[in-house]
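The values are calculated or read from the model by the stated rules, or taken from the named source; none is laboratory data. Values in this document were obtained by computation on a predicted structure and should not be read as measured data. Here the Cβ positions follow ideal geometry from the backbone for every residue, glycine too, while neighbour counts run over all protein chains shown.
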Amino acid sequence: MAMVMAVVIGVLFAAGVYLMLRRSIVKLLLGLMLLSHGANLLLFTVGGLRRGAPPLWVDGMHGPVADPLPQALILTAVVIGFGLIAFTLVLAYRVDEVVGSDDLDDMRSTDR
Amino acid sequence: MTPHVVLPVLLPLAAAVAALVIRRRRPLRVVALGGTTLGVLYALYALRLVWLEGPVYTALGHWPPPYGIVLAIDLFSAIMLCLAALTSWVVLLYAFGSLDPRRERHHFYALYMLMLMGVNGAFVAGDIFNLYVWFEVMLIASFGLMTLGGERGQLEGGLKYVVINLVSSTIFLIAVGLLYGLTGTLNLADLHRVLSAQPASAVTNALAMLFLVTFGIKAAVFPLFFWLPASYHTPPVAVTALFGGLLTKVGVYAMYRVFPLLFGAEGSPVYPLLLLIAALTMVVGVLGALAQDNVRRILSFHIISQIGYMVMGLGLYTVAGLAGGILYIMHHIIVKTALLMIGGGVELLNGTGDLRLLGDEQRRRPWYGLLFLLPALSLAGIPPFSGFFSKLALLMAALDAGRYEVAVTSLAVSLLTLLSMSKIWSEVFWKPAPAPDPTSGAMPGATGDAPGAVPTAGRARGWLLAGPVAVLALLTVSLGLAAGPGLRLATAAAAQLMAPGEYAGLVLGP
C-alpha cells in the first residue's frame, strides 16, 4: 500500500511541477493544486497506513493503534490550502483582467 | 507556565477583529494604534522578564508537552517581538500620513494587524507545525496587503510573490511531514531530544536541505531571491517598509530557531553551505542594487545583500557568530525600515522613484536629506552607528572561526553598499533637478503604469512621513552608542540558541 501511495505522490509532484513550468497562469495554479495534494498525501502516508485500528485507547485495550495526528495536520493543511487557492484564483482572474493576458511572459513590467 | 505568552498573538487578533467591523476612519486608526502600542508595551515587558528570569512558555489547553501546542519566549524571541512591535508601531504612523482613504477603508488595518499576529505567532511558536501555520497566517495577510488596491504593478508583483510563497509553504509542509515520519513528534523541544540522540544521517541531511530551501525562499537568500525585487516596490510605501523591515527576517528567524535546535549535530553539512550561501547572497544582492535606477528597487536589492550578513552569523555557528547575526538583525530591521520610509517618502512627494527624474531634494527638504543620510551611513557600516558595531561583531566572529574568505567578502560588500548609498544620495539629494522631459508630458515621471511610477501619491503629510523615520534614525544612533549592552543582549540570546538542551529541559521537564 505504501508503495502505491509513493507512486501516486510522485506522479502528483511530477505533474504539478510540469504544469508550473508552463507559461499560462491557469496551468500554474493547477500545478500548485496538484503539488499541495501531493504534500497532503505524503503527510498521510508518513504517519503510517494502518487499517481498522482505533486512534485512541481506552483503559485495558491492546493491539495496533492508528496515529490520528497526521489526519489532524492534513485537515489544517487542507483548510489553509483551500483558502490560499481561492485567493490565488481571484488574483489570477484580476491579473488576467488588468493585464489582458494569462501569459506569464507578458508580466515583466515590475522586473525592469 | 506563563499564560500571558499568548498575548502577542491575542492583542493583534483583537485589534484585527475590531478593525474589521469598524467603518469610520478615525476609530479605525485609534484601534490600530492602540493594538500596536499595547504590543510594544508587552514586548518590552517580555524582554525584561526573559532577561531577568530566563525563558518562559505556556502549553495551550494544559495539554502537557510534547502532546499539546507550546508557545515559548526565549531571549531571541523576545528581541524579535520587540523589533516587530516597534516596526509595526512606527510604520503605522507612517501609513496614517501616506495611505489613501480607499485602502484605509478597505480593511488595510485589519490585514495589517493579522499579519502582525502571524509574525508574532511565528516568534513564539514552540512546535514546528504551529510555526508552519503562523507562516501561513502571515502570508495570507501579506498577500492581501501586497495586492490591496489592485493596480497593475501590484497584481503582477503580487502574483509572483503569492506563487513562490505557496511553493515554499508546500515544501515546508513536506519537510514537516517527513520529520514527523522520522521522529514521531512535532514539538521543537522534543524534536531536539530525539534528533540529538542520533548522528546526522542522509535522511536528517535531506530534511535540513528541505528546511533550508523553504526558509531560504522566505528569507530571500541566493539563489531563491528573485521574487523580492520583482514585488517589493509595487505596493504602497508603508507596506513596502513593513515587508522590507520585517517579513524576510521571519525567514531568518526560522533558520536561527530550527537549525541549531534540530540539526546541531557535529559535522552537519548545513553550516558550511550556509556560509557559502551567505557570501553569494551578499555579493549578488549588492551588485543587483548597483545596477538599479529606482529608489525602492535599490533598497530591495540591499535587503537581499543584508540577509547574507545574517545568514553568515548562523553559518559560522559559534556563539559569537550568532550574537553578531542577532545584533545585525536588530540593526537591519531598524535601518531598513527607516530607509524604505524616507526613500518612499521622496517618491511619494515627487510622484516617481526614478533616480534620473529626481534631484535637488537636499535644498528643498533638508530634513529628509539628514534622515536619509543617518540610516544610509549606518547601513554601509560607518561608525558610530549600529551598522558599524554589528558588522564588527560579525567580522570578529568570522576571524575567530578562521573564515577569512567570508570576512573579506563582507568587507568588500560593505564598501559596495556605501557606493550604492552614495549613488542614491548624489542622484536624489545633491544633483540639480532635471528639466522636465518634453516627450513624457508635463510632469516628470507621470507615466501611469510604468515601473518607476509610484502606485499612490495619497495625501502625503510631511511631518507624519518624517516623524517615524526620525524615531528610527534616533534608534540606530542610540544602538550604535549603546553597542556594548546591545552586544551583551545578543550574546545572551545566542548562548541560549546554542544550548538548546536547556530550552528542551524547560519545556519538557527534566
Notebook entry, point to check: Exactly one of (1) within 19 Å of the chain's Cα centre (by Cα); (2) among the aliphatic types (A, V, I, L, M); (3) loosely packed, with under 14 Cβ neighbours inside 10 Å is unmet by residue A:84. Its number?
Noted result: (3)
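Please work out if residue B:64 is within 26 Å of residue B:509 (Cβ to Cβ), in contact with a strand residue (DSSP E or B) (Cβ under 9 Å, 6 or more places away or on another chain) and not hydrophobic (A, V, I, L, M, F, W, C). Write out each step before concluding.
Working: within 26 Å of residue B:509 (Cβ to Cβ): yes; in contact with a strand residue (DSSP E or B) (Cβ under 9 Å, 6 or more places away or on another chain): no; not hydrophobic (A, V, I, L, M, F, W, C): yes.
Against the criterion (within 26 Å of residue B:509 (Cβ to Cβ), in contact with a strand residue (DSSP E or B) (Cβ under 9 Å, 6 or more places away or on another chain) and not hydrophobic (A, V, I, L, M, F, W, C)), residue B:64 does not qualify.
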Check: Considering A:59, A:96, A:67, A:111, which residue is within 22 Å of residue B:165 (Cβ to Cβ) and either touching a Pro at 6+ places or on another chain (Cβ under 6 Å) or more than 7 Å from every other protein chain (Cβ to nearest Cβ) (or both)?
Finding: A:96
Check: If we scan segment B:120-132, do we find a residue that is more than 8 Å from chain A (Cβ to nearest Cβ) and part of a loop (DSSP other than H, G, I, E, B)?
Finding: yes
Checklist line | Residue match in segment A:74-91 (condition: over 19 Å from residue B:234 (Cα atoms), touching a residue at least 40 places away in the same chain (Cβ under 8 Å), within 11 Å of another protein chain (Cβ to nearest Cβ) and in a loop (DSSP other than H, G, I, E, B)) | finding: no
Check: Using beta carbons and a limit of 7 Å, which pairs, at least six apart or on different chains, have the first residue in segment B:382-394 and over 17 Å from residue B:311 (Cα atoms) and the second one modelled with pLDDT under 90 and not in a helix (DSSP H, G or I)?
Finding: B:388/B:381; B:388/B:382
Checklist line | Single residue of segment A:14-25 satisfying the filter (assigned to a helix (DSSP H, G or I) and more than 10 Å from chain B (Cβ to nearest Cβ)) that is nearest to residue A:107 (Cα to Cα) | finding: A:19
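Select, from A:59, A:105, the only residue that is assigned to a loop (DSSP other than H, G, I, E, B), out of contact with any helix residue (DSSP H, G or I) (no Cβ under 9 Å at 6 or more places or on another chain) and of a type outside the set (Gly, Ala, Ser). Walk me through how you get there before you give the answer.
Numbers: A:105 fails: assigned to a loop (DSSP other than H, G, I, E, B).
Going through A:59, A:105 in turn, the sole match is A:59.
So which residues in segment B:218-252 are within 14 Å of chain A (Cβ to nearest Cβ) and either farther than 29 Å from residue B:349 by Cβ or assigned to a helix (DSSP H, G or I) (or both), if there are any at all? Spell out the reasoning first.
Initially, segment B:218-252 is screened for residues within 14 Å of chain A (Cβ to nearest Cβ), giving B:225-235, B:240.
B:225, B:226, B:227, B:228, B:229, B:230, B:231, B:240 - these are the residues of segment B:218-252 that are within 14 Å of chain A (Cβ to nearest Cβ) and either farther than 29 Å from residue B:349 by Cβ or assigned to a helix (DSSP H, G or I) (or both).
Any residue at all in segment B:194-212 that's within 14 Å of chain A (Cβ to nearest Cβ), buried (at least 23 other Cβ atoms within 10 Å of the Cβ) and in contact (Cβ under 8 Å) with a residue 12 or more places away in the chain?
Initially, segment B:194-212 is screened for residues within 14 Å of chain A (Cβ to nearest Cβ), giving B:203, B:206-207, B:210.
From the residues that got through so far, the ones that are buried (at least 23 other Cβ atoms within 10 Å of the Cβ) too are none.
Among the residues of segment B:194-212, not one is within 14 Å of chain A (Cβ to nearest Cβ), buried (at least 23 other Cβ atoms within 10 Å of the Cβ) and in contact (Cβ under 8 Å) with a residue 12 or more places away in the chain, which makes the answer no.
Go through segment B:417-510 and tell me which helices (runs of 4 or more DSSP H), entirely inside it, have 2 or more residues that are modelled with pLDDT of 85 or more, in contact with a helix residue (DSSP H, G or I) (Cβ under 7 Å, 6 or more places away or on another chain) and crowded, with 20+ Cβ neighbours inside 10 Å.
Details: elements: B:462-481, B:483-498, B:500-508.
Counting at least 2 such residues, we get B:462-481, B:483-498.
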Notebook entry, point to check: Taking residue A:28, is it part of a helix (DSSP H, G or I), closer than 16 Å to residue B:170 by Cβ, within 12 Å of chain B (Cβ to nearest Cβ) and touching a residue at least 60 places away in the same chain (Cβ under 8 Å)?
Noted result: yes
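Taking the options B:326, B:342, name whichever one is within 21 Å of residue B:252 (Cα to Cα), surrounded by 24 or more Cβ atoms within 10 Å (Cβ to Cβ), under 22 Å from the mean Cα position of the chain (by Cα) and not small (Gly, Ala, Ser). Full working, then the answer.
Working: B:342 fails: within 21 Å of residue B:252 (Cα to Cα).
Among B:326, B:342, only B:326 is within 21 Å of residue B:252 (Cα to Cα), surrounded by 24 or more Cβ atoms within 10 Å (Cβ to Cβ), under 22 Å from the mean Cα position of the chain (by Cα) and not small (Gly, Ala, Ser).
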Next item on the list: Hey, could you check segment B:146-187 for residues that are more than 9 Å from chain A (Cβ to nearest Cβ) and not in a helix (DSSP H, G or I) and say which is farthest from residue A:41 (Cα to Cα)?
Entry: B:149
Notebook entry, point to check: Out of (1) under 22 Å from residue B:33 (Cα atoms); (2) within 9 Å of chain A (Cβ to nearest Cβ); (3) small (Gly, Ala, Ser), the odd one out for residue B:141 is which?
Noted result: (2)
Next item on the list: Answer yes or no: is there a residue in segment B:16-26 that is in contact (Cβ under 8 Å) with a residue 40 or more places away in the chain, within 22 Å of the chain's Cα centre (by Cα) and part of a helix (DSSP H, G or I).
Entry: yes
Next item on the list: Give just the number: which of (1) in contact with a Leu (Cβ under 9 Å, 6 or more places away or on another chain); (2) more than 23 Å from residue B:229 (Cα to Cα); (3) at pLDDT below 90 does residue B:101 not satisfy?
Entry: (1)
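Going through B:392, B:411, B:399, B:371 one at a time, which residue ends up being over 27 Å from residue B:274 (Cα atoms) and assigned to a helix (DSSP H, G or I)? Give the derivation first.
Working: B:392 fails: over 27 Å from residue B:274 (Cα atoms); B:411 fails: over 27 Å from residue B:274 (Cα atoms); B:399 fails: over 27 Å from residue B:274 (Cα atoms).
The conditions single out B:371.
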Check: Which ones in segment B:172-189 are surrounded by 21 or more Cβ atoms within 10 Å (Cβ to Cβ) and not hydroxyl-bearing (Ser, Thr, Tyr)?
Finding: B:172, B:173, B:174, B:175, B:176, B:177, B:179, B:186, B:187, B:188, B:189
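Does segment A:50-65 contain at least one residue that is over 30 Å from residue B:185 (Cβ atoms) and of a type in the set (Lys, Arg)?
Residues of segment A:50-65 over 30 Å from residue B:185 (Cβ atoms): none.
Scanning segment A:50-65, I find no residue that is over 30 Å from residue B:185 (Cβ atoms) and of a type in the set (Lys, Arg), so the answer is no.
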Notebook entry, point to check: Got at least one residue in segment B:138-161 being free of Cβ contacts under 8 Å to residues at least 40 places away in the same chain, more than 21 Å from the chain's Cα centre (by Cα) and crowded, with 22+ Cβ neighbours inside 10 Å?
Noted result: yes
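Is one or more of the residues making up segment A:33-53 within 9 Å of chain B (Cβ to nearest Cβ) and of a type in the set (Ser, Thr, Tyr)?
Applying the first criterion (within 9 Å of chain B (Cβ to nearest Cβ)) to segment A:33-53 yields A:35-36, A:38-40, A:42-48.
Still in the running and of a type in the set (Ser, Thr, Tyr): A:36, A:45.
Checked against the condition, which is being within 9 Å of chain B (Cβ to nearest Cβ) and of a type in the set (Ser, Thr, Tyr), segment A:33-53 yields at least one hit.
Kindly establish whether residue B:108 is part of a helix (DSSP H, G or I), within 10 Å of another protein chain (Cβ to nearest Cβ) and among the aromatic types (Phe, Trp, Tyr). Please lay out each step first, then the result.
Values: part of a helix (DSSP H, G or I): yes; within 10 Å of another protein chain (Cβ to nearest Cβ): no; among the aromatic types (Phe, Trp, Tyr): yes.
No: the conditions fail for residue B:108.
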Check: Going by the structure shown, is residue A:109 in contact with a Gly (Cβ under 7 Å, 6 or more places away or on another chain) and in contact (Cβ under 8 Å) with a residue 40 or more places away in the chain?
Finding: no
Item checked: Identity of the residue in segment B:242-297, under 30 Å from residue B:193 (Cβ atoms) and of a type in the set (Val, Ile, Thr), that ends up surrounded by the most Cβ atoms within 10 Å (Cβ to Cβ) -> B:252
Checklist line | Sole exception among (1) modelled with pLDDT under 90; (2) closer than 30 Å to residue B:282 by Cβ for residue B:152, by number | finding: (2)
